[in-house]
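**Student:** Take this structure first; my questions come after.
The values are calculated or read from the model by the stated rules, or taken from the named source; none is laboratory data. A quick note: this is a predicted structure, and the numbers were derived from the prediction, not measured. All Cβ positions, even for glycine, are placed from backbone atoms using ideal geometry, and neighbour counts span all protein chains on display.
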Amino acid sequence: MQNNVNGLKVAMHNLGCKVNSYEMDVMSQKLQEQGAIIVPFEEKADIYIINTCTVTNIADRKSRQMLHRSKKENPDSIVVAVGCYVETGLDGVKKDECIDLAIGNNKKSEIVDILNEFIEARNEVIDKTLFGSTIIDINKTNEYESMTLKELPEHTRAYIKIQDGCNQFCSYCVIPYARGRVRSRNMDEILSEIEGLVKKGCKEVVLTGIHTSSYGIDFGKAQLIDLIEKINEIPGIERIRLSSLEPRIITEENAKRLAALDKLCPHFHLSLQSGCDSVLKRMNRHYTADEFREGVRLLREAFDKPAITTDVIVGFPGETEEEFEDCRKFVEEIQFYEMHVFKYSPRKGTVAAGMPDQLTDKEKSKRSEVLLNMTREHSKEYRGKFIGTELTVLWEDEEEIGGQTYIIGHTDRYVRVALHVDDKENYKASTGAISTVVPTAFLTPDTLLI
């Protein structure tokens, strides 16, 4: 009888953030090292692994849907729920007959051993958490779960996880309960991983974490800028990109230090959530609209046309028409390159879920549409600034648009560009290559044409 993963077909599906993407890549790598065969999720498999997300109610629902779809695809398969949904919804996971095995955060690196133990004991009466061994009390650990990516999952860029956990406890957010407190990764380990990926052809790294700006605080002081400076010295890396940043990290000194790094992409995702001070206070965000505005000013002073993107939540409990208008005016003033707009989603166990004056979905949708229309205009206006300008592009995949085939790439500011496949040779535009181009027009509202 089969008693390990060797030779078994494994289908994997990732939901959620870039940290989840990194962890999924490492889990896939570990399974393949032990002889598992990774197959597309659409194929029938022996094992289905869903790396779940719980940031919103919709994320919870998507996680459940993928777990149920897996069991329906192959009723005899082992369906594994992994990650944040397990942490926040363990009672429901245990009752869900479609889920065979549940693995929490800080246990993903043990995926092979856990699966082997489950497979060996599958015909016995067994608990979904192997009697508690597949989960820990995530809110009481100070240990960073060590993982190392050895192979490039894409031909272009690699996500590099530098920390886990969050100490902010925004009133709407369940993630600190799913991911625990801030735990930073050893700097030498990060640098070694990147050096190894460079040897595999990696040209761009994206530094990611649950609260990236907190990197190093558990070592005694914030060290994110120090880390970026070290990565900038690694030969072979051509681009360093940052995931979401806390606005307060953008000081005059830090902006100058970042601007001095020739490999750092001038693309900054500063999480806003609201442009109204009274809403920010109820959210337990630790800055004001004026402080955020100053961070943007410093970046625009230090960099040439930096791409500044953000997240905004509309319909937060008690958000009045006047407060929303304050937010609308603020984001209109800032003119973000892109703005991700979320309708507030109450999460059980958070402070905001118990706040009075919860808004209706109709009210949230109306406000969301206002900001989505605005960001479409601002995004196109920002992209248009680069028509006729010399840009460097990291080429990725081919894509069909309007019946024609193009190779797609992104600039250092993450502006999407397209080049017709017939012109690839002229620009040396192969997947994973970086070349210099001049866009001439819009191909689509979100894509410039070379």
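**Student:** Output the number of the condition that Met355 fails; it satisfies all remaining conditions of (1) within 30 Å of Lys200 (Cα to Cα); (2) in contact with a Pro (Cβ under 7 Å, 6 or more places away or on another chain).
**Tutor:** (1)
**Student:** Which one is surrounded by the fewest Cβ atoms within 10 Å (Cβ to Cβ) among residues in the range 165-195 that are hydroxyl-bearing (Ser, Thr, Tyr) and closer than 17 Å to Lys107 by Cα? Spell out the reasoning first.
**Tutor:** Here is the first cut: in the range 165-195, the residues hydroxyl-bearing (Ser, Thr, Tyr) are 171-172, 177, 184, 192.
Subset that is closer than 17 Å to Lys107 by Cα: 177, 184.
Details: Tyr177: 19, Ser184: 22.
Out of the qualifying residues, it is Tyr177.
**Student:** Among the numbered conditions (1) in the same structural domain as Thr129 (by TED's automatic domain parsing); (2) touching a Leu at 6+ places or on another chain (Cβ under 8 Å), tell me where Gln2 comes up short.
**Tutor:** Going through the list (1) in the same structural domain as Thr129 (by TED's automatic domain parsing); (2) touching a Leu at 6+ places or on another chain (Cβ under 8 Å), Gln2 breaks only (1).
**Student:** Out of the residues in the range 386-415 that are within 16 Å of Lys305 (Cβ to Cβ) and among the charged types (D, E, K, R), which is farthest from the chain's Cα centre (by Cα)?
**Tutor:** Among those that are within 16 Å of Lys305 (Cβ to Cβ) and among the charged types (D, E, K, R), it is Glu390.
**Student:** Let me ask something else. Which of (1) surrounded by 13 or more Cβ atoms within 10 Å (Cβ to Cβ); (2) free of Cβ contacts under 8 Å to residues at least 40 places away in the same chain is the odd one out, the single condition Lys362 does not satisfy?
**Tutor:** Every condition holds for Lys362 apart from (1).
**Student:** What are the residue pairs meeting all of these: first residue in the range 322-345, first residue more than 17 Å from Met283 (Cα to Cα), second residue aliphatic (A, V, I, L, M) and surrounded by fewer than 18 Cβ atoms within 10 Å (Cβ to Cβ), Cβ atoms under 6 Å, and 6 or more apart or on different chains?
**Tutor:** Partner pairs satisfying both residue conditions: none exist.
**Student:** Now for a different question. Looking at this structure, is Thr141 in the same structural domain as Asn51 (by TED's automatic domain parsing) and buried (at least 16 other Cβ atoms within 10 Å of the Cβ)?
**Tutor:** Numbers: in the same structural domain as Asn51 (by TED's automatic domain parsing): no; buried (at least 16 other Cβ atoms within 10 Å of the Cβ): yes.
Answer is no for this residue.
**Student:** It is to be established whether one or more residues within the range 432-448 are in a helix (DSSP H, G or I), within 25 Å of the chain's Cα centre (by Cα) and free of Cβ contacts under 8 Å to residues at least 40 places away in the same chain. Walk me through it before giving the result.
**Tutor:** Step one: of the range 432-448, the residues in a helix (DSSP H, G or I) are none.
For the range 432-448, residues in a helix (DSSP H, G or I), within 25 Å of the chain's Cα centre (by Cα) and free of Cβ contacts under 8 Å to residues at least 40 places away in the same chain: absent.
**Student:** Could you check the range 230-248 and list, in sequence order, the residues that are more than 29 Å from His286 (Cα to Cα) and of a type in the set (Lys, Arg)?
**Tutor:** Hit for the range 230-248 is Arg239, nothing else.
**Student:** Which helices (runs of 4 or more DSSP H) sit wholly inside the range 24-124 and have at least 3 residues that are surrounded by fewer than 18 Cβ atoms within 10 Å (Cβ to Cβ)? Break it down stepwise before answering.
**Tutor:** Details: elements: 57-73, 84-88, 90-95, 111-120.
By residue number, 57-73, 90-95, 111-120.
**Student:** Here's another thing I want to ask about it. Scan Ile408, Ile401 and give me the residue that is modelled with pLDDT of 95 or more, aliphatic (A, V, I, L, M), surrounded by fewer than 17 Cβ atoms within 10 Å (Cβ to Cβ) and not assigned by TED's automatic domain parsing to the domain that holds His267. Outline the logic, then answer.
**Tutor:** Details: Ile408 fails: surrounded by fewer than 17 Cβ atoms within 10 Å (Cβ to Cβ).
The conditions single out Ile401.
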